[in-house]
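None of the figures in this text is laboratory data; all of them are computed from the coordinates on show. What you see is a predicted model, and the numbers here were worked out from it, not measured in a lab. Here the Cβ is made from the backbone with ideal geometry for all residues, glycine too, and neighbour counts use every protein chain on show.
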Amino acid sequence: MLRKVLFSFLIASLLSVLLIWGVWAQAGTPQAQPAGPRIEPTAAVVTQTVPLTLTVYLPGPTGTQTLTLPVFLNLDIRIGLSSEMTASVVTTTSLTVPEPTTAVTLTPTTVPATATPLLTPTTVPATPLPPTPTPPATPTPVAAALTPTPAPVTESETTTTTVESGPPLCPDPRAVITSPTVGQVLTGTVTIMGTATHENFQYYKLEYAPGAGATEGFAYLAGAETQVTDGVLAEVDTTELDNGVYTIQLVVVDRSGNFPPPCAVTVEIAN
């Protein structure tokens, strides 16, 4: 670009010299003049257009983008010579940006970026809630609780408790003991059958208390956290209990800790 400007200036200077030389030559030629030599004012104009390329770098979020625009540098060099033999040189420069015929496209400059690893969600295995332990009715161990202390009686004071046979007392169909039945004599290992279900089931338990139709003083006998429908509720070894009459009840507990009315059956153990 600098070379083009210098070349244009050189051409203008050369034209100026030629113009001055021509004027002097014309002044030296004898002509019939009415009064002394006369020089007409004259001027010469040299116009030169220099094409240039303007490059603009625009920073952006994805890197530096380059915008390239073509421009033209216009040089107007006016050389004048007055009648008093005074030469003048006037240079006018202007910058022209042509209107683009097509849309200007920003060319992104590739900037190496550090790849940010995506956060990989870590799957945390759900910890299942531990099963709620079956709360025993009394903290006394089963082995110790299964041995009631009989009151000392004499042979004359010995009484016999008669239990009438019949179906267990089961007011709710979700807690039912089907076997043994009321008044049944149990010996050795006995299978307790029945149903223990609930729409919000958590666990069921079998409890026992000495006496017929007992309503309190129950101790834990067996249980599970699986619903049973007309199946085996537990296997009980009656040899761990003293002979006598006992009340066995089935309690079905839901997840809120509540339970429907238990099912109770009175049996007699005779080993």
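Cβ neighbours within 10 Å, averaged per peptide: list 168-178, 42-52 in order, most packed at the top. Write out the running numbers ahead of the final one.
Details: 168-178: 18.5, 42-52: 14.3.
Top to bottom by mean Cβ count within 10 Å: 168-178, 42-52.
What are the semi-axes of the equivalent ellipsoid of the range 172-271, taken as the square roots of 5 times the eigenvalues of the Cα gyration tensor, listed largest first and rounded to whole Å?
23, 14, 11
Going by how many other beta carbons lie within 10 Å of each one, how would you line up Asp254, Asp237, fewest first?
Fewest to most other Cβ atoms nearby, the residues stand as Asp237, Asp254.
Hey, can you rank 57-63, 217-223 by average C-beta count inside 10 Å, highest first? List each step's numbers first, then the result.
On the way: 57-63: 9.7, 217-223: 19.3.
Most protected by this proxy first, the peptides run 217-223, 57-63.
Can you work out the FRET efficiency for the pair Tyr57 and Ser88, with r the C-beta to C-beta distance and R0 = 51 Å, to the nearest 0.05?
Working from the Cβ atoms, E equals 0.75.
May I ask you to order 181-190, 71-80 by the average number of other C-beta atoms within 10 Å around their residues, highest value first?
Ranking, from highest mean packing down: 71-80, 181-190.
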